[in-house]
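A short worksheet on the structure shown next.
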Amino acid sequence: MKLLFATLACFLTLTASAQQTLDISVSNPLSHDRYDEPVVLPLSQYGTVSSALVTSKDGEEIACQLDDLDMDEQMDELCFLCNLKGKETRSFHVTLYAEGEPRPYPARVYAEMLMRNDKVKEKNRHDNYISSITARGDCANSYNLQHHHGVCFESELNGIRIYFDKRQTLDLYGKFQKRLELQATQFYTSDEQKKQAYGDDVLWVGQTFGLGAFRGWDGKEPTMIEPVKNRTQRIVSYGPLRTIVEVVDQGWVADTSKPALNMTLRYTQYAGHRDTDVDVIFNHDASDYRFSTGIINVMGSQEMSDKRGLRACWGTDYPSTDTVKWSRETVGLAILLQEKNVMSELPADPGVKQGGNYTFVVAPEGSQMHYQVAYCSANETFGFHSAQEWFEWLRQWRTEVENPIIIKKTR
């Protein structure tokens, strides 16, 4: 009997230690409704976390996600999304488990890296999936190593690929409908898929920033990410609520008068969002370096700038040099920088095929900086169809960025 009670006590102790609970409140400081707002909780103080359950005040299960950001097999963050009415505060109960596996939820984001499969003839059916690739700095043609030229990711509203070369440009996929499509099209939409209202590439980027590529600065103009010792792309998280991808440049000589840098560009895409978070992380203080970023000056585009780090355009151009096969596409582009990182905002370069930009000269604060990019396609049935609509949404976007939801631990 004593052995039975001792065993039971041990079981109860282990069960209790296997889970931790906390209550949090999430508040919207603005008067308008907000949707799919990310709630991110660091997990370092909770020890080993292998699974989690999030419920609302009324007991409804809320989809959540656990992420191992540094790939050490320990979960670093819990993420879930919530909708909030104007000035609303909602309560959530979180249970963290030391055992088990993350709960499965429907995917609302997607990320993909592919090597070409020579046995596959259809451009949207390649199947050599990878999660990371590294090319030496002297690689002759890293751009063509991957099937769609670099890692790609999407939410229901957008689709982006990042070129695996010295440009590291963000190229864009425009949608007609709100849905995930890149697994089906692989950025190469077939004629049959086009009949089913699948989207396609909508932007010609050339040597430009495209949508917010991060580059060097030589005092007069942007410079490419070269030379480097090694260049890496990897998928950190596949979802289901956010995907995280990284581009790592090892030994980048960004300024010949200063030490080389290791730079990590982390792109985070949340479900329900057309905006993408960009975190720039250096291996040492880079505040005395100068860099550049911005957006392409789409030929003939209309520009918007609030002179505080938000710059955008609305314009129409061919997404390819092949003007017979491709039709002209209308897009809205935007970048939102933190004012503290902006050293100067340069006048627009001419919007021509040779590559014009709306350029910022920027500097990190210490070893990091953060900014965001966003875009829309006029093809969207759910989006914007004029510069006025696009620019108005961007003003609200800035307001929301400057007034984030308030997350508090209540127990």
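So which residues in the stretch 36-50 are open to solvent by 30 Å² or more (accessible area, probe 1.4 Å) and β-branched (Val, Ile, Thr), if there are any at all? 40, 48, listed by residue number. Under the condition of being assigned to a loop (DSSP other than H, G, I, E, B), more than 13 Å from residue 296 (Cα to Cα) and in contact with an Asp or Glu (Cβ under 7 Å, 6 or more places away or on another chain), the residues counted in the stretch 343-389 number 2. Tell me which residues, restricted to the stretch 153-170, are more than 19 Å from residue 130 (Cβ to Cβ), surrounded by fewer than 24 Cβ atoms within 10 Å (Cβ to Cβ) and in contact (Cβ under 8 Å) with a residue 60 or more places away in the chain. Matches in the stretch 153-170: 156, 157, 166. Listed by position, the strands (runs of 3 or more DSSP E) enclosed by the stretch 267-342 that each have at least 1 residues that are over 27 Å from residue 237 (Cβ atoms) are 291-296, 302-305, 310-317, 329-337.
Within the stretch 317-340, how many residues are open to solvent by 40 Å² or more (accessible area, probe 1.4 Å) and over 24 Å from the mean Cα position of the chain (by Cα)? Quick ask: steps written out before the conclusion?
Applying the first criterion (open to solvent by 40 Å² or more (accessible area, probe 1.4 Å)) to the stretch 317-340 yields 318, 321-328, 338-340.
In the following step, the residues that additionally are over 24 Å from the mean Cα position of the chain (by Cα) were identified as 318, 321-328.
Residues that pass the stated criteria total 9.
If you check 304, 343, 299 for being in contact with a helix residue (DSSP H, G or I) (Cβ under 6 Å, 6 or more places away or on another chain) and open to solvent by 10 Å² or more (accessible area, probe 1.4 Å), only one passes: 304.
Take residue 235 and tell me if it is closer than 23 Å to residue 338 by Cβ, of a type in the set (Val, Ile, Thr) and either crowded, with 22+ Cβ neighbours inside 10 Å or touching a strand residue (DSSP E or B) at 6+ places or on another chain (Cβ under 9 Å) (or both). Give the derivation first.
Numbers: closer than 23 Å to residue 338 by Cβ: no; of a type in the set (Val, Ile, Thr): yes; either crowded, with 22+ Cβ neighbours inside 10 Å or touching a strand residue (DSSP E or B) at 6+ places or on another chain (Cβ under 9 Å) (or both): yes.
For residue 235, the condition - closer than 23 Å to residue 338 by Cβ, of a type in the set (Val, Ile, Thr) and either crowded, with 22+ Cβ neighbours inside 10 Å or touching a strand residue (DSSP E or B) at 6+ places or on another chain (Cβ under 9 Å) (or both) - is not met.
Given the residues 69, 53, which is the only one that is surrounded by 14 or more Cβ atoms within 10 Å (Cβ to Cβ) and over 30 Å from residue 32 (Cα atoms)?
Working: 53 fails: over 30 Å from residue 32 (Cα atoms).
When all the criteria are applied, what remains is 69.
The test for being open to solvent by less than 10 Å² (accessible area, probe 1.4 Å) and either basic (Lys, Arg) or more than 22 Å from the chain's Cα centre (by Cα) (or both) holds for residue 311.
The values are calculated or read from the model by the stated rules, or taken from the named source; none is laboratory data. These numbers were taken from a predicted model, which means no experiment stands behind them. Cβ: placed from backbone, ideal geometry, glycine included. Neighbour counts: every protein chain shown. Accessible surface is based on the protein model in full, side chains and every heavy atom, while ligands, DNA and RNA are left aside. Shrake-Rupley method; radii C 1.70, N 1.55, O 1.52, S 1.80 Å.
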